[in-house]
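Remarks on the structure that follows.
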Amino acid sequence: MSEIFFTSDTHFGHRPEFLWKPRGFSSVEEMDEAIIENWNKVVKPGDIVYHLGDTMLNDNTHGLECFKRLNGQIFLIYGNHDSDTRKNLLFTELSGKMLGGWYAWLIKYDKLSIYMSHYPSLTANYDQKHFSQHVLSLHGHTHQRTNWLDPKNPFLYHVGLDSHNNTPVHIDEVITDIRQRWEELGRLPTPSKPEDLYPYGGMI
C-alpha cells in the first residue's frame, strides 16, 4: 500500500535569505539539499505526495533537477509562484511522476473528506457533532511556524515545510493533529473572525 504525504512551498532555488534563514539554513543550497534528504527519508518511490504549491523560483533548471531526485508520485496543486513555464517544464520532464491541478483538490481517506489548496480556505461546518462530518482543509502559502493559522480553527491546517521541520508530513499525523486540537477545543470550535487573523510568518 502506498503511503500518503503532504507538503508545500519547497521554493527550490529561492535565494533571498528571508526564506531559507528562518528555516535554519546558511544558504539556499543547504536548504535545497536538506529538503531532498528529508523528503527521501520518509517518502518511498511508491508513495504519494500532495504538494500544495510554490515548487521553485529563480533557476528553473535547478528546480527541475531537485524534483527529479525526489521519491514518490507527486500531485501538484498550483501555487502563486508556479508559472506556466514551470508547470510545463515539470509535467514535460517528469511525465508519469508529476500530475497537477488548479488551486484545489479533494480526496477521501478513512471516511474523511480532505480539501487541499495552496491558499488557506475555510471549509468546515463547525456545528457538526462528529469528526468525520467535517471537511479538513490543508494549505501552504503562509510560511508559518505553527500548524494552525487560526488557533481556534482545528480544521484549517498548514502542511508547509516551515511548520514540519522541512519534511513532508504523513496523512495520519495530520489527522491526529487535527482531531486532538478539535477535542482540546471541546469539539465546538469558534473560529476567529477573518479580520482578527494574521500570518505567523510571511506570505511569500
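Taking into account only those residues within region 102-118 that are within 11 Å of the chain's Cα centre (by Cα) and not in a loop (DSSP other than H, G, I, E, B), which is surrounded by the fewest Cβ atoms within 10 Å (Cβ to Cβ)?
Taking the candidates together, the pick is 117.
Report yes if some residue within region 66-77 is farther than 19 Å from residue 171 by Cβ, out of contact with any strand residue (DSSP E or B) (no Cβ under 6 Å at 6 or more places or on another chain) and either without any contact (Cβ under 8 Å) to a residue 40 or more places away in the chain or part of a loop (DSSP other than H, G, I, E, B) (or both); otherwise report no.
Yes: region 66-77 contains one or more residues that are farther than 19 Å from residue 171 by Cβ, out of contact with any strand residue (DSSP E or B) (no Cβ under 6 Å at 6 or more places or on another chain) and either without any contact (Cβ under 8 Å) to a residue 40 or more places away in the chain or part of a loop (DSSP other than H, G, I, E, B) (or both).
In region 89-98, which residue that is surrounded by 15 or more Cβ atoms within 10 Å (Cβ to Cβ) and in contact (Cβ under 8 Å) with a residue 24 or more places away in the chain is farthest from residue 136 (Cα to Cα)?
If we take residues in region 89-98 being surrounded by 15 or more Cβ atoms within 10 Å (Cβ to Cβ) and in contact (Cβ under 8 Å) with a residue 24 or more places away in the chain, then 89 is farthest from residue 136 (Cα to Cα).
List the number of the failed condition for residue 32; all other conditions in (1) out of contact with any helix residue (DSSP H, G or I) (no Cβ under 8 Å at 6 or more places or on another chain); (2) surrounded by 19 or more Cβ atoms within 10 Å (Cβ to Cβ); (3) among the charged types (D, E, K, R) hold.
The number of the failed condition is (1).
Here is a yes/no grid of residues against (1) within 21 Å of residue 34 (Cα to Cα); (2) more than 11 Å from the chain's Cα centre (by Cα); (3) of a type in the set (S, T, N, Q); (4) buried (at least 16 other Cβ atoms within 10 Å of the Cβ):
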site: 156; (1), (2), (3), (4): no, yes, no, yes
site: 159; (1), (2), (3), (4): yes, no, no, yes
site: 166; (1), (2), (3), (4): yes, no, yes, yes
site: 172; (1), (2), (3), (4): no, yes, no, no
site: 186; (1), (2), (3), (4): no, yes, no, no
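For region 119-138, state whether one or more residues are at pLDDT 95 or above, crowded, with 16+ Cβ neighbours inside 10 Å and under 22 Å from residue 23 (Cβ atoms).
Checked against the condition, which is being at pLDDT 95 or above, crowded, with 16+ Cβ neighbours inside 10 Å and under 22 Å from residue 23 (Cβ atoms), region 119-138 yields at least one hit.
Scan region 3-29 residue by residue and report those that are among the small types (Gly, Ala, Ser), loosely packed, with under 13 Cβ neighbours inside 10 Å and within 17 Å of residue 56 (Cα to Cα).
Within region 3-29, just 27 meets the criteria.
Would you say residue 152 is exposed (fewer than 15 other Cβ atoms within 10 Å of the Cβ), among the basic types (Lys, Arg) and modelled with pLDDT under 95?
no
Out of all the residues in region 48-58, is one or more of a type in the set (Ser, Thr, Tyr) and at pLDDT below 95?
Taking every residue of region 48-58 in turn, none turns out to be of a type in the set (Ser, Thr, Tyr) and at pLDDT below 95.
Touching a strand residue (DSSP E or B) at 6+ places or on another chain (Cβ under 9 Å), outside any loop (DSSP other than H, G, I, E, B) and either in contact (Cβ under 8 Å) with a residue 60 or more places away in the chain or under 26 Å from residue 173 (Cα atoms) (or both) - does that describe any residue in region 79-88?
Looking for residues that are touching a strand residue (DSSP E or B) at 6+ places or on another chain (Cβ under 9 Å), outside any loop (DSSP other than H, G, I, E, B) and either in contact (Cβ under 8 Å) with a residue 60 or more places away in the chain or under 26 Å from residue 173 (Cα atoms) (or both), one finds none in region 79-88, hence no.
The values are calculated or read from the model by the stated rules, or taken from the named source; none is laboratory data. Please read these numbers as outputs of a predicted model, since none were measured by experiment. Quick reminder, even Gly has a Cβ in these numbers, built from the backbone with ideal geometry, and neighbours come from all protein chains shown.
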